[in-house]
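Asker: Handing you this structure, nothing more for now.
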Amino acid sequence: MKLILRFRTLLLFSILFFSIAITTGCISKTKTDSADNGEPVPITLKVHFGKDEAFIDAFIKPAEEKFPYITFEHVDGDLEELIAGKKAPDILWFWDQGWLEHASELEMTYDMRELIEETGFDISRFNPNQLAEWQKFSGEELWVLPMSSDRFALMYNKDIFDLFGVEYPTDGMTWGEVVDLARDVTGERNGVDYQGLYMPKSGSPIAWTAGNLLDPETDEPLWTENDVVREYFELYKEAYSIPGNPYIPEHWEEGGWAELFAQGKLAMAPHWFMPPNEEANVNWDIATYPEPENGVPAGGWAMGVSSTSEYKDEVMKVFDFWYSDEQLMNNTFIGGPLSLPYAHLYENGSAIEKAQELDGDIWENRNMEALFSLPVAEPLETVSEFQDEDIVYNALYEFVHEDQLDLNTLLREKYEEELVRIEEEKSKK
């Protein structure tokens, strides 16, 4: 009896063993067949971007068609929460450098230089100054690839200049000349009040013309003794002291000036370029942004590979596709051909031709060249981690807003406030 039980037990284990072996063999054979057939294993890439229809049409759909084995999953929200929820993205999207700083604090950024070299990605297409703008947090490392560039221009309403009998702005004007011109197109005509000039708050030229606002080694405030900063403060005050061109808080904010321009009541607006909406019916054109020869910042958006991604090589294949000339030229999400980060597409005329093809009515008889004639400004090599441009903008706001405020007194007060702010921030480190 014991012999029979032992035999049955041995037989049962034998059956189980061979069943497992056969099953394992089938599984192994399936994986091997997939590899032997040369078909890529399906993967999912998490993209740090919401389910925006325009983004999906411009990026996701073309990539899924190009790479049918890749599925893209949108993961939206704060990176820290996504990491905690085990939904860390493979592809990081950055609207500005501030988002990049946040990602670096969470150790999500990744140096892409080795991947670029291994995959043969053509990094030479980018302007080195635009890459350097994004590298102010990464030093020698390269965490992102610029996806677009901002374009700066002096927008103006031709009908207002015609109404006042004044010649249109021209390329190469200085800020002083623009302010002087504003005097001639400010006032009342036929019962309508026209303002000559909006002076930009967001994207103020102070940011890229004044140099270091704080000493990068000692963190001491420098901007309160900076002649360039002082000149801009005085220039802004002069512009908003023109009778009929008052400082109005609503116009100072981002959407305010655009609405005033669309209403046909604003003669000039130096800003990063955005054409009036179709309903505005404004007879507009552009001249070069009133800026010195050192140029304007590139800004724009960027993308990078996350440090936690298990599919870095696959992400680079997708990037190689997204960053191709053809894909970028047709990518309306980033602003179309006029926002491309590649100079060669403007130099050979293809970007301008494409823009005219897509928006011929917008660009007919308009000075498109004004958008591309200024170089990309060279960014600062080192910047204090406590430098905050908004502090300067707020002081500028205060100076323009208060009629009787003395500039010397204001700058002395701001110097003392900056010392306190920096020490407080250091104590939190």
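The values are calculated or read from the model by the stated rules, or taken from the named source; none is laboratory data. What you are looking at is a predicted structure, and each value in this text was computed from that prediction instead of being measured. Cβ sites come from the backbone with ideal geometry, for glycine too, and all protein chains shown count toward neighbours. The accessibility values were calculated without ligands, DNA or RNA, using every heavy atom of the protein model including side chains. Shrake-Rupley method; radii C 1.70, N 1.55, O 1.52, S 1.80 Å.
Asker: Looking only at residues that are part of a helix (DSSP H, G or I) and at pLDDT below 95 in segment 177-217, which one is least open to solvent (accessible area, probe 1.4 Å)? Explain how you work it out, then say what you get.
Answerer: Narrowing segment 177-217 to residues part of a helix (DSSP H, G or I): 177-184, 206-209.
Checking which are at pLDDT below 95 leaves us with 206-209.
Details: 206: 3, 207: 32, 208: 42, 209: 31 Å².
Within segment 177-217, the match that is least open to solvent (accessible area, probe 1.4 Å) is 206.
Asker: Would you be able to tell me the number of residues in segment 343-386 that are open to solvent by 60 Å² or more (accessible area, probe 1.4 Å), among the hydroxyl-bearing types (Ser, Thr, Tyr) and at pLDDT 90 or above?
Answerer: Number satisfying all stated conditions: 0.
Asker: Hey, does segment 107-120 have a residue that's buried (at least 16 other Cβ atoms within 10 Å of the Cβ), touching a Pro at 6+ places or on another chain (Cβ under 9 Å) and farther than 22 Å from residue 216 by Cβ?
Answerer: For segment 107-120, residues buried (at least 16 other Cβ atoms within 10 Å of the Cβ), touching a Pro at 6+ places or on another chain (Cβ under 9 Å) and farther than 22 Å from residue 216 by Cβ: present.
Asker: Residues that are in contact (Cβ under 8 Å) with a residue 24 or more places away in the chain and closer than 26 Å to residue 398 by Cβ: list the helices (runs of 4 or more DSSP H) wholly contained in segment 238-327 that include at least 3 such residues.
Answerer: Working: elements: 249-252, 254-262, 312-322.
The qualifying helices (runs of 4 or more DSSP H) are 249-252, 254-262.
This table checks each residue for (1) of a type in the set (A, V, I, L, M); (2) part of a helix (DSSP H, G or I); (3) open to solvent by less than 60 Å² (accessible area, probe 1.4 Å); (4) more than 26 Å from residue 324 (Cα to Cα).
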residue	(1), (2), (3), (4)
46	no, no, yes, no
49	no, no, yes, no
55	no, yes, yes, no
62	no, yes, yes, no
72	no, no, yes, no
83	yes, yes, no, yes
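Asker: Same structure, new question: What about residue 78, is it under 30 Å from residue 190 (Cβ atoms) and surrounded by fewer than 18 Cβ atoms within 10 Å (Cβ to Cβ)? Step through it out loud before you land on a result.
Answerer: Working: under 30 Å from residue 190 (Cβ atoms): no; surrounded by fewer than 18 Cβ atoms within 10 Å (Cβ to Cβ): yes.
When the stated conditions are applied, residue 78 does not pass them.
Asker: Then there's this: State which residue is surrounded by the most Cβ atoms within 10 Å (Cβ to Cβ) when the search covers only segment 147-176 and only residues that are in a helix (DSSP H, G or I) and not acidic (Asp, Glu).
Answerer: Residues of segment 147-176 that are in a helix (DSSP H, G or I), as a first pass: 158-164, 175-176.
Those still in the list that are not acidic (Asp, Glu) too: 158, 160-161, 163-164, 175-176.
Details: 158: 14, 160: 24, 161: 20, 163: 16, 164: 15, 175: 20, 176: 12.
Within segment 147-176, the match that is surrounded by the most Cβ atoms within 10 Å (Cβ to Cβ) is 160.
Condition check ((1) buried (at least 16 other Cβ atoms within 10 Å of the Cβ); (2) over 28 Å from the mean Cα position of the chain (by Cα); (3) closer than 20 Å to residue 242 by Cα) across all residues:
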{"position": "392", "(1), (2), (3)": "yes, no, no"}
{"position": "404", "(1), (2), (3)": "no, yes, yes"}
{"position": "408", "(1), (2), (3)": "no, yes, no"}
{"position": "417", "(1), (2), (3)": "no, yes, no"}
{"position": "424", "(1), (2), (3)": "no, yes, no"}
